[in-house]
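I have placed the structure first, in the form of structure tokens, so that the comments after it can refer back to it.
A short reminder: the numbers here are calculations on the coordinates, not readings from a lab. Keep in mind that what you see is a predicted model, and the values were worked out from it rather than measured. Cβ placement follows ideal geometry from the backbone for every residue including glycine, while neighbour counts extend to all protein chains displayed.
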Amino acid sequence: MIKPGMFIGERYEIIEKIGTGGMADVYRAKDQRLNRFVAIKILKTEYSNDKNFVTKFRGEAQSCAGLTHPNIVGVFDVGDDGELHYIVMELVEGITLKRFIEKKGRLSVKDAVGIAIQIAQGLDAAHQNHVIHRDIKPQNIIISREGKVKVADFGIAKAATSNTINQNAIGSVHYLSPEQARGGYSDERSDIYSLGVTMYEMLTGRVPFAGDNSVSVALLHIQGEATPLRELNPDIPPSLEKIVQKCMQKKPERRYLTATELIHDLKASIMNPSGDFVKVAPAVVTDSPTRMMTDKELGVIKSAPKSASYFEDDEEMETSRHLSRDGELDEDEELDGMSSKTEKLYLAGSILVVVILVGCILALVLKFFGIFDGNKGDLTVDASPTPSPTTIVSPTPKTDVMPNVEKKDFETAKSQLEALGLELDIRHEPSAEGNSDYPEGIVLEQNPAAGAVLNVGDRVTLTVNIGPGTTLLDESLIGLTQEQIETVLGDYLVLRFRYEASENIPEECVVRTDPEIGTEVQNGSTITVYLCSGKIYSVPNVLGRKQEEAQKLITDAGLTYVTDDDYSSTVPVGCVISQSPSESKQNSAVTVELIISLGPEPTLSPTPTPSPTPPPIPEPSPTEPVTGEATPVPQPVEPSATPAPATEG
């Protein structure tokens, strides 16, 4: 049992349990070697002895280890400690998107689009590394305290290959794509469907499909239609409603094919909320009317040889059809192994193969002796051998020459390059001088240049013109982080960042722009974006207030104080004489110095000078005769103003 204080891998100290999932528990731990806090995911003990679960658990680490992106939770380490299998991940302090939606009820359009763009950016990085998440849902999206959105738990993700088939519908049923619900093939477009469901929940506060059990919800994903967004929330822009509808199309080919396309439309929805730029591919009609087969067509089918994959099933059907009532085969059918017509076809085919082989051998012999080139009898062999039908050619990568797609429409260029098996990186730039006449959506540049030799799978960068139009600095930009505003405006404008304090805007978020909000600016222009450097602190005026009241006002303003005493003849005792700094606005927290009154300074009355006191006159002691000793001679006494006392006889 995992307990706080125990060590995993002789390195990670368990602190507390912070979450649990279907396969694993998540703990906060401290990496004693690097002195940092991490999240460690440990496979539950009931699954540790199951090789399938252990393999899937290790696959999670392998899928995540190669993903490095700001919007993906990073993986630091993976290992085993006895029967414990664990993954060490980045610790993100924050809340899940599910909890955020529950607290807010439903998110504002600005918040929902900002979060969706960051999720799509994380998915785009994963998809470019051929990793599909397969379980996108609000519970797996973490919003950090800084506002960064991170995609977590690639627990059922695995590398996407041409034969990746998801045999079991894995993940929360409320966010499953129709193909996952059927247990069919899932790819990048499955993640886009789940992201569409997540956006639906962010904008409305509820999932599009709900039922009594998982089966009913899965059927609704396959067959049902969600309530239109604007019926539930009329404040949602039409363009954003169409984006969510395109993400949630039943057929994968009608959704966004890549997360890059989704990001582009999400950005456009911010700048043009009512625009009609979302294009959904028309549905392909797969059903066709029933057509009766002619007798000739039936005859061709009956006379065709049976394929290996179906022959056994057909033979078993024929066998069961001719079983007698007592359970034994009809003797005639048992002896009749193959129809005469089929036997003739096999015989004719065999003869034809033999004739072709003989003809090939004969042609090679005649070619060797030079009969066909007019040099009869010349035994010289041609220096350039002609490959025979039996020649084995080693496979080489298919190469193509890069076509010139500059000045072509983007969709045309995209179709042409994807047909060659090339991967595309798209950049959007405003038209500069010299090509300002080109309309929006025209390819301005390509890299590599036309004529370059490319292999299938190589990446090509296209710079697409966003047109010479204007961009509206909408009020929704206020409060965005630097990364979010770069995502929204970076393709259209050149951004320059400055800092200033603000009382109402969170730190590192947009306070204002120059030109100001509400202005339309030319694409390609440079604008200044002011980010909040911190809170503005108001220093209150506490002059003349009692000390306790003044200290409370300063503390409530988020400031600290120090006090000192002094005398004042005008300020009552215990009240503030002066403060430093005085009443003002401060860009950062300060310490206010308060001088408290001790009252008027006390004054001392003059003390009278005492008159000098004459020294006491010693009284004469009686004279006693002293034998053998000299009698001291009395010293003369100076007369004083005070008469000496009289001495008797």
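Couple of notes before you dig in:
- Residue order, fewest to most beta carbons within 10 Å, for SER269, SER538: SER538, SER269
- Pairwise inverse Cα distances across segment 464-585, averaged and inverted, put the Kirkwood hydrodynamic radius at 17.7 Å.
- Here the label points at ILE95 and GLU486, each 7 Å from Cα along the C-beta direction, are separated by 2.8 nm in the simple model.
- Close amide H pairs (under 5 Å, H built 1.01 Å from N) link SER186 with ASN166, residues at least 5 positions away or on another chain.
- Take each peptide in 352-360, 13-21, 201-209, count the other Cβ atoms within 10 Å of every residue, and average; sorted highest first, the result is 201-209, 13-21, 352-360.
- Between segment 6-21 and segment 231-264, the alpha-carbon center distance in angstrom: 40 Å
- Relative exposure of THR528, THR260, judged by other C-beta atoms within 10 Å (fewest first): THR528, THR260
- Counting every C-alpha pair in segment 537-597, the share spaced more than 15 angstrom apart comes to 40%.
- Gained length - ASN541 relative to ALA419, 0.36 nm times residue gap less alpha-carbon distance: 36.6 nm
- Residues with amide H under 5 Å from that of VAL38, placed H, sequence gap 5 or more: ALA29, LYS30, ASP31
- Segment 399-465, dipole about Cα centre (Lys/Arg Cβ +1, Asp/Glu Cβ -1), debye to the nearest 20: 140 debye
- The gain in end-to-end length when the SER214 to THR412 segment is fully stretched comes to 67.0 nm, 0.36 nm per residue minus the alpha carbon separation.
- Segment 64-82-segment 528-554 distance, computed between alpha-carbon centres (Å): 45 Å
- Placing unit charges on each Cβ (+1 for Lys and Arg, -1 for Asp and Glu) gives segment 537-597 a dipole about its Cα centre, and among VAL576, ILE596, ASN541 the Cα reaching farthest toward its positive end belongs to ASN541.
- Derived scalar couplings between HN and Hα for segment 138-148 equal x, 5, 9, 10, 10, 9, 6, 5, 7, x, 6 Hz in order, rounded to whole Hz, by the Karplus curve 6.51 cos²θ - 1.76 cosθ + 1.60 (θ = phi - 60°), x for Gly and Pro.
- Between GLU601 and GLU445, full extension at 0.36 nm per residue minus the direct alpha carbon distance yields a gain of 47.7 nm.
- Taking a ≥ b ≥ c as the square roots of the Cα gyration tensor eigenvalues, segment 189-264 comes out oblate, since a/c reaches at least 1.5 and a/b does not exceed b/c.
- HN-Hα J in Hz across segment 403-412 - Karplus 6.51, -1.76, 1.60, θ = phi - 60°, x for Gly and Pro: x, 8, 10, 5, 6, 9, 5, 4, 4, 5
- Net dipole in debye of segment 470-532 [+1 Lys, Arg Cβ; -1 Asp, Glu Cβ; about Cα centre; nearest 20]: 180 debye
- Segment 399-465 shape via C-alpha gyration tensor axes, a/c threshold 1.5: prolate
- For segment 87-99, 3J(HN,Hα) computed residue by residue from phi via the Karplus equation (6.51, -1.76, 1.60; θ = phi - 60°) reads 10, 9, 10, 4, 8, 9, 7, x, 10, 6, 4, 4, 5 Hz, glycine and proline entered as x.
- Estimated distance in nm for a label pair at ASN455 and GLU593, the labels positioned 7 Å out from Cα along Cα-to-Cβ: 7.3 nm
- Simple rule: put +1 on each Lys or Arg Cβ and -1 on each Asp or Glu Cβ in segment 94-271, find the dipole, and look at GLY114, ILE132, SER177; the Cα lying farthest toward the positive end is GLY114.
- For segment 470-532: rounded, prolate or oblate by the Cα gyration tensor [a/c cutoff 1.5]: prolate
- Normalising the average separation of contacting C-alpha pairs (under 8 angstrom, six or more residues apart) by the number of residues puts the relative contact order of segment 7-90 at 24 percent.
- Amide H within-cut-off set for TYR561, under 5 Å, with H built and near neighbours excluded: VAL592
- Of LYS267/LYS407; LYS56/LYS150; LYS103/LYS251, those spanning more than 30 Å from alpha-carbon to alpha-carbon: LYS103/LYS251
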